[in-house]
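The values are calculated or read from the model by the stated rules, or taken from the named source; none is laboratory data. Remember, it's a predicted structure, so these values are computed and weren't measured experimentally. All Cβ positions, glycine included, derive from the backbone under ideal geometry; neighbour counts span all protein chains shown. Only protein heavy atoms, including side chains, enter the accessible area calculation; ligands, DNA and RNA are left aside. Shrake-Rupley method; radii C 1.70, N 1.55, O 1.52, S 1.80 Å.
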Amino acid sequence: MTRFFKRITSSLLSVLLLLPSIASACVMDGIGSGVLYKVPKKTFSIQLATARAIESEKLKATHNANYEQRMMMLMFQLQQQLSSQDKGEWFLFESSKGHYYKIISSDKGIKIRQHEVPQGNSEESIIVDIDVLNAIVSKQLTAQQASEIGILYLPTNASNLVMI
């Protein structure tokens, strides 16, 4: 019986080590749409660069207890500050908790929806950590500065989204 539990434990650990990004993806985003296999490849490098930016004090980590409330406020602020010359849709992947957001630009303005996963190429998603997003919407950093130091990934299809 003990060998059985050791075997199961080692198998589960192996799976978790082989697929680290799956462990951090939001399960709600994956229901029916598959975020568990739609984590962008650049997520780890963005997280690593963010940790280094915090360590070197280029970025301030904020430690609010309620992630959901914080993200709702940041998404509201982002929605108020975004503008686009083109109509379209972009996906934003928040890398610390693995949540997807869909940014929609139309004649009516900008809308942001939670838990919408790209059906095509997830590599064309904007990738950002919550602390970086906080710095951008509070105007401590520009998106260009964040991109240059590697703590924000902006795909080419997001070049027309601008902060106002």
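A few notes on this one:
- Residues that are β-branched (Val, Ile, Thr) and touching a strand residue (DSSP E or B) at 6+ places or on another chain (Cβ under 8 Å) were ranked within region 42-75; the one that is nearest to Ile151 (Cα to Cα) is Ile46.
This table checks each residue for (1) of a type in the set (S, T, N, Q); (2) free of Cβ contacts under 8 Å to residues at least 40 places away in the same chain.
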| residue | (1), (2) |
| --- | --- |
| Lys111 | no, yes |
| His115 | no, no |
| Gln119 | yes, no |
| Asp131 | no, no |
| Lys139 | no, yes |
| Thr142 | yes, yes |
| Leu154 | no, yes |
| Ala158 | no, no |
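- All positions within region 68-99 that are under 18 Å from Ala158 (Cα atoms) and of a type in the set (Gly, Ala, Ser): Ser83, Ser84, Gly88, Ser95
- For region 100-146, residues that are part of a strand (DSSP E or B), buried (at least 16 other Cβ atoms within 10 Å of the Cβ) and out of contact with any strand residue (DSSP E or B) (no Cβ under 7 Å at 6 or more places or on another chain) total 0.
- Residue in region 35-52 that is open to solvent by 50 Å² or more (accessible area, probe 1.4 Å), at pLDDT 55 or above and more than 30 Å from Lys111 (Cα to Cα) present: yes
- If the condition is being under 17 Å from Pro155 (Cβ atoms) and among the β-branched types (Val, Ile, Thr), then region 118-142 contributes Ile126, Ile127, Val128, Val132, Ile136.
- Some residue of region 67-90 being closer than 18 Å to Lys42 by Cα and either open to solvent by 80 Å² or more (accessible area, probe 1.4 Å) or in contact (Cβ under 8 Å) with a residue 12 or more places away in the chain (or both): yes
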